[in-house]
Amino acid sequence: RATNMIGEADYIYKEGVALQKRGEGLLLIKDDNLLRSALVKYNEVIKIHPSSDKIDDAAFRAAGIYEHFKDYSIAIVYYKRAFQWDPETPYPARFKAAYILDRLLHRRAEALELYQEALRKDRLSDNYREFAQMRIGEITSENSQ
């Protein structure tokens, strides 16, 4: 669990956030090159400063970019790292991993566990909470048939 405040890691992370924001631009238009540059920064934080308190943040943001590039397997790994590195992460990392496993990769048993964990441990928006509850019911129902 990484908890150290490291100035250089904070700086690199902020550079990544700035690149990502510029890369995301408008809702429909994204600059993939800027997003790739942001990924480099996030991975730099994780690799060079593994004890930084920013690695869960970097992992969560990197996961979203991998999701944008439809690299779902890597996105799941990064979402999982976010809550492994900070079990009390403020991000809905468990929910996001569950959603990808459920809807995109059809790995429902794994998704079910993460949806349940997300409801117990994450600070979810009402929409995410309702969706997770609905999917738990549907997956459980599918499994009992």
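On a 20 Å Cα-Cα criterion, which of the cross-link pairs 70/121; 30/70; 14/41; 30/121 come out too long?
Too far apart for the 20 Å limit: 70/121; 30/121.
In this view, the solvent-accessible surface of residue 103, computed with a 1.4 Å probe and all protein chains in place, comes to about 90 Å².
Of the residues 131, 95, 60, the one that moves most in a GNM of the chain with alpha-carbon contacts below 10 Å is 131. Here Rg/Rh (Cα atoms, Kirkwood Rh) was calculated from the structure, and among (1) 0.98; (2) 1.01; (3) 0.95 it sits at label (2). Computed in the context of the full set of protein chains, the accessible area of region 8-145 at 1.4 Å probe radius has 52% of its extent on carbon or sulfur. In this label model, residue 28 and residue 73 are separated by 3.3 nm, measuring between points 7 Å along each Cα→Cβ vector. Computed from Cα atoms, the angle from the helix 126-144 axis to the main principal axis of the chain rounds to 50 degrees. A dipole drawn for the chain from +1 and -1 charges on Cβ atoms has a positive end, and of 6, 43, 132 the residue lying farthest that way is 43. Counting only alpha carbon atoms, the long axis of helix 32-48 and the longest principal axis of the chain meet at about 80°.
Express the accessible area of the chain per residue in Å², computed with a 1.4 Å probe while the remaining protein chains stay in the model.
Working: 8180 Å² over 145 residues.
It amounts to 56 Å² per residue over the chain.
Starting from the Cα gyration tensor of region 9-77, take the square roots of the eigenvalues, sort them a ≥ b ≥ c, and report rounded, prolate or oblate (rounded when a/c is under 1.5, otherwise prolate if a/b is larger than b/c, else oblate). It comes out oblate by the Cα gyration axes. Averaging the sequence gap over all C-alpha pairs within less than 8 Å and six or more residues apart, then dividing by the number of residues, gives region 1-138 a relative contact order of 17 percent. Fully extending the segment from residue 123 to residue 141, taken as 0.36 nm per residue of separation minus the present Cα-Cα distance, adds 3.9 nm.
With a 1.4 Å probe and all protein chains kept in place, how do 45, 40, 17 rank by accessible area, largest first? Don't skip to the answer; put the middle values down first.
Numbers: 45 0, 40 90, 17 20 Å².
From most accessible down to least: 40, 17, 45.
The heavy atoms of residue 130 offer some 110 square angstrom of accessible surface to a 1.4 angstrom probe.
In this Cβ point-charge picture (+1 for Lys and Arg, -1 for Asp and Glu), the chain has a dipole of about 120 debye about its Cα centre. Sequence-ordered 3J(HN,Hα) estimates for region 101-109 from the Karplus curve with 6.51, -1.76 and 1.60 and θ = phi - 60° stand at 4, 6, 7, 9, 10, 6, 9, 5, 4 Hz, glycine and proline given as x.
The heavy atoms of residue 88 offer some 120 square angstrom of accessible surface to a 1.4 angstrom probe.
The values are calculated or read from the model by the stated rules, or taken from the named source; none is laboratory data. Quick caveat: nothing in here was measured; it's all calculated off a predicted structure. Cβ sites come from the backbone with ideal geometry, for glycine too, and all protein chains shown count toward neighbours. The protein model used for the area step is the full one, side chains on, heavy atoms only, and it has no ligands, DNA or RNA in it. Shrake-Rupley method; radii C 1.70, N 1.55, O 1.52, S 1.80 Å.
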